[in-house]
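Q: First the structure, then my questions, so here it is.
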Amino acid sequence: MGSFGNESRVRILLKPYNIMPNKRNFKKYADALGSSVINEMMIAYYNVEGADKKAIADAVGKVLGAIEEAKDNANVYFDRGAKSFDDHKEYAAAKRKFFRALFNKIESDFSAKVEDAVKEFNAALPESYKAAQKEVANA
């Protein structure tokens, strides 16, 4: 409980589905993912004997910062109007391409920051706890 074990499990959590270019859904995704990671960190913070509480608190702060940065970066608008294209189909394709690239970039930055925080969190846990968690996972 609390440790993510190896980083490959975290990588699976970070890519549950393809991010669609929708600000509202992306912000919900960032909140949900960040909140679940922080929840696990806080469980370990209060329940694991010998855990480095300062390092865990720093990791929580990094995840909170990553959430806010991802949500702030999602507040972007397509800067070209429909009149600058020959027809609406070209405008819609360009707008879709812009937002898809934007959200893929924001999501990859967000994932990298959360992974760094998880690595810091895992380093803050005592080795005895990590060994016990691996035994439980392999049983």
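Q: Anything over 30 Å Cα to Cα? Flag those among 27/95; 28/95; 23/134, in the order listed. It would help to have the intermediate numbers written out before the result.
A: Working: 27/95 19 Å; 28/95 21 Å; 23/134 38 Å.
Pairs exceeding the cut-off: 23/134.
Q: Report, please, the projected area of the range 82-133 averaged over directions, based on the convex hull of its C-alpha atoms, in nm².
A: Details: hull surface 19.8 nm².
One quarter of the hull surface, i.e. the mean projection, equals 4.9 nm².
Q: Report the FRET efficiency, 1/(1 + (r/R0)^6), for residue 58 and residue 23, where r is their Cβ-Cβ distance and R0 is 35 Å, rounded to 0.05.
A: 0.75
Q: Measuring from label point to label point, each 7 Å out along Cα→Cβ, what is the residue 104 to residue 86 span in nm?
A: Result: 2.5 nm between the two label points.
Q: Still on this structure, I have one more. Do any GluC sites (Glu not before Pro) in the range 49-139 lie in a DSSP loop with no more than 16 other beta carbon atoms within 10 Å, and if so, which? Spell out each step's value before the answer.
A: Values: sites: 49, 68, 69, 90, 107, 115, 120, 127, 135; in loops: 49.
Answer by residue number: 49.
Laboratory data are not the source of any read-out in this text; all were calculated from the coordinates shown. Quick caveat, the model's predicted, so the values are computed rather than measured. Cβ atoms come from the backbone with ideal geometry, glycine included; neighbour counts cover every protein chain shown.
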